[in-house]
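Reviewing the structure listed below.
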Amino acid sequence: MGLTLYNTLTRKMEEFKPIEKGRVKLYSCGPTVYEYPHIGNFRSFVFIDLLKRYLLFLGYDVHHVTNLTDVDDKIIARCNTEKVSLKKLTDIYKSAFFEDMEILSIIPADVYPAATDHISDMQELVRILIEKGHAYVTSDGSVFFDISSFKDYGILSKVDLTGSIRTERVLSDEYDKENVHDFALWKGWKEEDGDIWWDSPWGKGRPGWHIECSTMSMKYLGEHFDIHCGGVDLIFPHHENEIAQSVCATGKPFVNMWVHCEHLLVDGTKMSKSLGNYYILQDLLEKGYDPTSIRYLLLTTHYRQKLNLTEEGLRASAGAVERLQDIRLRLEALAGDLVKKHSKTYKEVEDQFINSLNRDLNISEGLAVIFDWIRELNRQIENDNIDRHKAAEAISLLKRFDTVLAVIFKGEIILSDNDRQLIREREEARLKKDWKRADEIRDYFQKISIKLEDTPNGTVVKKV
RNA sequence: GGCGUCGUACCCAAGUGGACUAAGGGAGCGGUCUGCAAAACCGCGAUUCGUCGGUUCGAAUCCGACCGACGCCUCCA
């Protein structure tokens, strides 16, 4: 049995079988670039990264597309209040997004299509939907999708819209739709949109939100692809609407597996600005937590489980990360510059890891496998029971695990020649039992945030 | 109201009806090693899985009720 994942579409665990052998076409919903992404957004992005890294670990050729929503109601509102152009505003938050993604060691998608670069593609899809009788134009120049024209509407979210009640918000909606649940494919221009509009066959206006993901996913991955993922809140209406648009336009199945990530809570409740528990990545970095600990914390809770972010949790993660990184340093001290290719020595450990991750990305169990192995390695090192060849083989497996985790081989320390000389001097001082000089040198390194640890195999250098 | 999730030690967290007298991490306590420090190793730590019932030879796992926390139900990861 290979990788199984929980498919929201069927509400069942399913074995993953790619449409094209050895290749995975993956789409994930990206950010709306009107403010700094918050830590909850990164829970999703780290989950998607885990899924992608594990697919790569299994040897798949992964083709990954993530959209950038750079036009929508909130963006336009901010452009108005801050008197900046759409491009200027979204450029700021696009680069902020990419910076944070890099800080958290998230592998970039192959393509990051932006909505505003695909206006004509979206219009073409809307045109097809009108032509096939799935959409209609209203008097204000908007185009709506007619959900009654798609018999499978509700297939993903299991929402039955015939029994829903009109909410106040819907009743006050200014757009002129035939059915309250019909959603906008194209929004006709309104006064408050200012100069943010594009020409279309239906008059000037701008695209609806859902249409961009249908358009861009199909453009870059084909009309039928393997996995579509995002946060649970996107199941309805966003992903439901994507299915409706795509299936009605092409007449083909759209996505095989829908995989959704649960939300992140902060201090036990939903993050919100008014409660003061709203964090962006920078807030946590400023509190002194390092990116690796943050990534580790976001990674270690199963993706379908709510994750509660606390400062205590961040501290605990730092400890766990240190344990993972320490075994690497110990092994490297033993192996020296000996490098071994991937071998069968620790095959059982790797198989256990794969067994865990194959079961719906059970990372907690996978980490338990790694930690058990680390204790065994440490024991062997204590008992002088491991040679440099085995140590080098262990490093090779540790590196392989870290292609999935991306928390172990981090923070290389670059020492100056002078520093290296000082470390040698300290070794000599220690041999001569000159503890005063040895401690002086250690204090010096402490001041430049480097910790020296003495081991039987020599001095190990760590970041504080 | 509809759809859905969760409740496991001080904290985080896995658990695929039977090897569970319940992984793993963090914190704690005791010990070993060590010039000191750190790391590492060894040991201790849930007679119990929200509560109460039921099914079963057997339940953390299945079923029911209740208690509690939470998500979605028009643009939010």
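Taken together, the values in this text are just the output of simple stated rules run on the coordinates, not laboratory data. Remember, predicted model here, so these are calculated numbers, not experimental data. Here Cβ is always computed from backbone atoms with ideal geometry, including for glycine, and neighbour counts include all displayed protein chains.
Where the convex hull is taken over the Cα atoms of chain A, what is its projected area averaged over directions, in nm²? If you can, show how the numbers build up before the last one.
On the way: hull surface 104.2 nm².
Result: 26.0 nm².
State, as an integer percentage, the relative contact order of the stretch A:417-463 based on alpha-carbon contacts under 8 Å between residues 6 or more apart. Don't skip to the end; give the middle numbers.
Working: 33 pairs, mean separation 11.4, N = 47.
The value is 24 percent.
State to the nearest 20 debye the size of the charge dipole of the stretch A:243-369 about its Cα centre, where the only charges are +1 on K and R beta carbons and -1 on D and E beta carbons.
Values: 16 positive and 16 negative charges, 84 e Å.
Charge dipole, the stretch A:243-369, about its Cα centre: 400 debye, nearest 20.
Run down the aspartates and glutamates and flag those whose C-alpha is under 20 Å from the C-alpha of A:Lys270, throwing out any fewer than 8 positions away in its chain.
Within the straight-line limit of under 20 Å, A:Lys270 reaches these aspartates and glutamates: A:Glu35, A:Asp233, A:Glu262, A:Asp283, A:Glu311, A:Glu312.
Under 18 Å from the Cα of A:Lys21, which lysines turn up, not counting those fewer than eight places away in the same chain?
Within the straight-line limit of under 18 Å, A:Lys21 reaches these lysines: A:Lys52.
Near the amide H of A:Val266, under 5 Å away, which other amide H atoms are found, from residues 5 or more places off or on another chain, if H is placed in the peptide plane?
Residues meeting the criterion, in which the H sits 1.01 Å from N, are A:Met271, A:Leu309.
At 7 Å along Cα-to-Cβ for each site, give me the label-to-label distance between A:Asp233 and A:Asn385 in nm.
It works out to 5.1 nm between the two label points.
Would you calculate, for chain A, the mean residue ellipticity at 222 nm contributed by helices, counting each DSSP H stretch of 4 or more residues as -39,500 (n - 2.57) and dividing by all residues, to the nearest 500? Don't skip to the answer; put the middle values down first.
Details: 15 runs with 206 residues, N = 464.
Estimated from H runs of four or more residues: -14500 deg cm²/dmol.
What distance in nm lies between label points placed 7 Å from Cα along the C-beta direction at A:Gln421 and A:Val159?
6.9
Roughly how big is chain A's charge dipole about its Cα centre, with Cβ charges of +1 (Lys, Arg) and -1 (Asp, Glu), in debye to the nearest 20?
Details: 63 positive and 75 negative charges, 281 e Å.
Here chain A has a charge dipole of around 1340 debye.
Give me the extension gain from A:Asp326 to A:Phe371: residue separation times 0.36 nm, minus the current Cα-Cα distance, reported in nm with one decimal. Present the calculation step by step, with values, prior to reporting the outcome.
Working: separation 45, 0.36 × 45 = 16.20 nm, distance 1.18 nm.
Stretched fully, the A:Asp326-A:Phe371 segment lengthens by 15.0 nm.
Sort out for me the Cα centre separation of the stretch A:273-298 from the stretch A:1-68, rounded to whole Å.
23
Of A:Tyr296, A:Tyr278, A:Gly203, which is farthest towards the positive pole of chain A's charge dipole, taken about the Cα centre with +1 and -1 on the beta-carbons of Lys, Arg and Asp, Glu respectively?
Toward the positive end, the furthest listed residue is A:Tyr296.
Kindly state, to the nearest 0.05, the FRET efficiency for A:Ile414 paired with A:Asp152, given R0 = 45 Å and r defined as their beta-carbon distance. Intermediate results must be reported in sequence, preceding the final value.
Working: r = 57 Å, r/R0 = 1.27.
Calculated transfer efficiency: 0.20.
By a straight-distance test (C-alpha under 13 Å), which aspartates and glutamates pair with A:Lys204 as possible cross-link partners, with residues fewer than eight away in the same chain excluded?
Leaving aside aspartates and glutamates fewer than 8 places away in the same chain, those within reach of A:Lys204 are A:Asp140, A:Glu191, A:Asp193, A:Asp195.
Tally Lys and Arg at +1 and Asp and Glu at -1 over the other residues with C-beta under 10 Å from the C-beta of A:Lys451: what net charge comes out?
Taking every Cβ under 10 Å from that of A:Lys451, the sum is +2.
Taking the simple approach of a point 7 Å from Cα along Cα-to-Cβ for both A:Asp117 and A:Ser95, what is their distance in nm?
Between A:Asp117 and A:Ser95, the simple spin-label model gives 1.6 nm.
Relative contact order (percent) for chain A, with alpha-carbon contacts under 8 angstrom and 6 or more residues of separation?
Numbers: 658 pairs, mean separation 73.8, N = 464.
Rounded, it is 16 percent for chain A.
Provide the net charge surrounding A:Trp209, with neighbours chosen by a C-beta distance below 9 Å and charges set as Lys +1, Arg +1, Asp -1, Glu -1.
On the way: positive: none; negative: A:Asp72, A:Asp73, A:Glu212.
Cβ neighbours under 9 Å give a net charge of -3.
Taking Cα centroids, how far is the stretch A:113-154 from the stretch A:356-419 in Å?
Cα centres, the stretch A:113-154 to the stretch A:356-419: 51 Å.
Give the peptides A:30-39, A:262-271 in descending order of average Cβ contacts within 10 Å, highest first.
Values: A:30-39: 21.4, A:262-271: 15.8.
Sorting A:30-39, A:262-271 by mean packing, highest first, produces A:30-39, A:262-271.
Check which residues have an amide H placed less than 5 Å from A:Leu68's amide H, if you skip close sequence neighbours.
A:Ala114, A:Ala115
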